[in-house]
1. With the checklist (1) farther than 30 Å from residue A:49 by Cα; (2) touching a residue at least 60 places away in the same chain (Cβ under 8 Å); (3) in contact with a strand residue (DSSP E or B) (Cβ under 8 Å, 6 or more places away or on another chain); (4) more than 7 Å from every other protein chain (Cβ to nearest Cβ) in hand, flag the one item residue B:173 doesn't pass.
2. Would you confirm whether or not region A:276-285 contains a residue that is touching a residue at least 60 places away in the same chain (Cβ under 8 Å), assigned to a loop (DSSP other than H, G, I, E, B), within 12 Å of chain B (Cβ to nearest Cβ) and crowded, with 24+ Cβ neighbours inside 10 Å?
3. From the list A:143, A:122, pick out the single residue that is crowded, with 24+ Cβ neighbours inside 10 Å, out of contact with any helix residue (DSSP H, G or I) (no Cβ under 8 Å at 6 or more places or on another chain) and either over 20 Å from residue A:209 (Cα atoms) or facing chain B (nearest Cβ under 10 Å) (or both).
4. Whether any residue in region A:108-130 is more than 20 Å from the chain's Cα centre (by Cα) and modelled with pLDDT under 95 is what I want to check.
5. Out of all the residues in region A:66-75, is one or more surrounded by fewer than 18 Cβ atoms within 10 Å (Cβ to Cβ), within 7 Å of another protein chain (Cβ to nearest Cβ) and touching a residue at least 60 places away in the same chain (Cβ under 8 Å)?
6. Any chance you could count how many residues in region A:1-60 are under 24 Å from residue B:250 (Cβ atoms) and either touching a helix residue (DSSP H, G or I) at 6+ places or on another chain (Cβ under 6 Å) or facing chain B (nearest Cβ under 7 Å) (or both)?
7. Which condition breaks for residue B:512 when tested against (1) surrounded by fewer than 22 Cβ atoms within 10 Å (Cβ to Cβ); (2) modelled with pLDDT of 95 or more; (3) part of a loop (DSSP other than H, G, I, E, B); (4) facing another protein chain (nearest Cβ under 10 Å)?
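The values are calculated or read from the model by the stated rules, or taken from the named source; none is laboratory data. Remember, predicted model here, so these are calculated numbers, not experimental data. As a convention, Cβ positions derive from the backbone with ideal geometry for all residues, glycine included, and neighbour counts pool all protein chains shown.
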């Protein structure tokens, strides 16, 4: 019990000072018959060495992405994170601080939140950004609720190219709030007729770019049609590195932009923690969910930063708040900010270029395998291939050969009859050898 | 004169004003510009080789314009963020007595295990056959949480406490709908003293909110709840121990009354750390309760996140748990990712997040629990409660207690009655604590208490640390009562910045850096 500083003598002295006989006297409001008489049925305290061994044993049972040729994406991506990032986020004053309620001794957190907001606004081409959401999927759910508040309408139209898990999160949240959601069928070829689904009752259209199948989309006609009907365009991305290479959603007249920031600064972590990016046109700031950091001055006229516009939030508005959120992904957005600062514009553009180049090389190599067809016209670092066998079987066969070869579409959309499709992602971590091993193994298992 | 650590105390405040410096810096306290003011778009702190020539497949979607992101070289970035970190107070800096936030020691073993490649470097959608260890972590964590709460099921995926609240209330909504009462049972009772997330959560998922008054002793009375019950009541959201730091004495009766009326009992588990190993929510009649892994089981708060908010569920709500979840049958565990694959009898209400939740936090929390063990977790709760009551005993002759009739659990609540006539507010008092080297306590919460000061020391503090803290607060309290007003209204005097103008930030929101106008333009 190395984490507990009190000694038994301390405890006795303190009980005497409080004026009670034993510690259970302080639990006197707990009904006596509900107070546990013995410790619960779990193992007793263990030392650091033993705990480390137990955890290492469990860790060793998993196949780490870095240990194999790795091509899995669909919303989370394996990238290289500079060592500086993890070192800095482990500094005690960042790691062990709380929400910056006392700005005079939280300027470190507040300044990086302000830097983060500025970076996200620049990347997305939008006017304002918040200080991060839990992740891209929950951010998308919040964006839809925000569009309902802005338009005072309750019908969201979701593209068939939206990540199916994101669509499920939106549906769960919206339908619980008794709102309506129209989900377009899966759209492998990015040819869906989403424009015809926009009408005067539509609050928002949610379109992912690059979409879940990897296709690059032109958002401008969708924005125009949505705006003509008084609806908002919510642009979603799951691979933020793509913004180093493609036209940003802000330049395509999106009203709200939301996405996953895991790729920059953050590890895969089996799905979390991640960091949600959220930006909008500035006329909507008072309807935005989540936390905002703003610039101000102190009593001596020095520039400083504070959490602001809290009158939108649950601790003031309670059941009228813009969301129930009372936290953000602080440390993950710090990792994002540091990595993005190390990259800068030049580094991000180069990183995006390498990602795209590796994906193009992989697509060409896979297309040369007998029976394999690459379905995308255009893509960034992820694309869809059609296989002559069920993709789920192929992925398992590849895994048995030590290659993690992508995500079967059937894992995301089990009922869609798309069992022969495989999503394949490639980033800067993939080497020529990785690619050659993948292609050779695929040719063998097909 | 020496302080309690044997160091001289004379002359720290009033003896001399320091010389103004030419730079505005004060030795280790340095003014740090924004990256946008010191970086350049062409500067980068990473080395990435150019790819071999290739044919772009971006088509017409290629970006043409500038992004407007400055870069810093690696040494510049290191220095920038180290300097920023030095402007922050953390639990490793000193006592962080934020009530209801539970700022306890963050063991670095937890950081070490979370970074093991089998946990940090695995993808949520890589073949399930390649991640048996990750599923084992989720199963073990579930077993620990169910054992500690006495509840039969747990939904792991919610990403924070408030997200967990939403998950629990969605399960309740789904259960009500399954009984065919979806149209009529749509009101949720929330005590006045509740955290703002409770009413916000209920409203978010389509319930209307009705307030339950707080009794003068800071607790909720079963009669007040019963008076509000009817066929329209879906649930109550009650925090226990509550936000006044009191264990609700009538909780069992309140749960029974809810169940009798065909409604559910949602317990906000934000303060579960006070009773871990001492009492089990399942024994109290709870139907759903979120657990803030970051508070109760110590994962670092990281400046406000990430959190993790698993929800334990009663037998009645278990079938409605969202996907994904792990199903155990015949000794083997299976990951259920889609509703269609759910075992018979399960009707998942949907999905809370894209993947499986906060694996990084699961590993940290499980590491913490393995380290403490059942005996250590019980001892931690007892020590947290003991420490809170020790502070209360040490200050209650100088500072006023709004609810003296109940023992405090893990946090001691004071009000500002004792500051009347001094001209010093709760906020002023908090800011003066900064000058003494402490993070202030939670102020102005809970809302039911005027000028509230909520102090939660946690079990991590030694008796010596508590003695020094009590002595400091006593000195400050005496100063407040002794007309030393300037010490408070001008505070903090010694922080990197003086008091910040929050009104200005809200009235004229500046939410991102904007490049200064060129001189010619500025002159116009």
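1. Every condition holds for residue B:173 apart from (4).
2. First, pick out the residues of region A:276-285 that are touching a residue at least 60 places away in the same chain (Cβ under 8 Å): A:276-282, A:284-285.
Add one more test, that the residue is assigned to a loop (DSSP other than H, G, I, E, B), and what stays is A:281.
So of that shortlist, the ones also within 12 Å of chain B (Cβ to nearest Cβ) come out as none.
Among the residues of region A:276-285, not one is touching a residue at least 60 places away in the same chain (Cβ under 8 Å), assigned to a loop (DSSP other than H, G, I, E, B), within 12 Å of chain B (Cβ to nearest Cβ) and crowded, with 24+ Cβ neighbours inside 10 Å, which makes the answer no.
3. Values: A:143 fails: either over 20 Å from residue A:209 (Cα atoms) or facing chain B (nearest Cβ under 10 Å) (or both).
None of the others qualify; the one that does is A:122.
4. No; the residues of region A:108-130 include none that is more than 20 Å from the chain's Cα centre (by Cα) and modelled with pLDDT under 95.
5. Yes - at least one qualifying residue is present in region A:66-75.
6. 10
7. (1)
Yes/no per residue for (1) touching a helix residue (DSSP H, G or I) at 6+ places or on another chain (Cβ under 8 Å); (2) surrounded by fewer than 22 Cβ atoms within 10 Å (Cβ to Cβ):
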residue: A:323; (1), (2): yes, no
residue: A:326; (1), (2): yes, no
residue: A:379; (1), (2): yes, no
residue: A:393; (1), (2): no, yes
residue: A:399; (1), (2): yes, yes
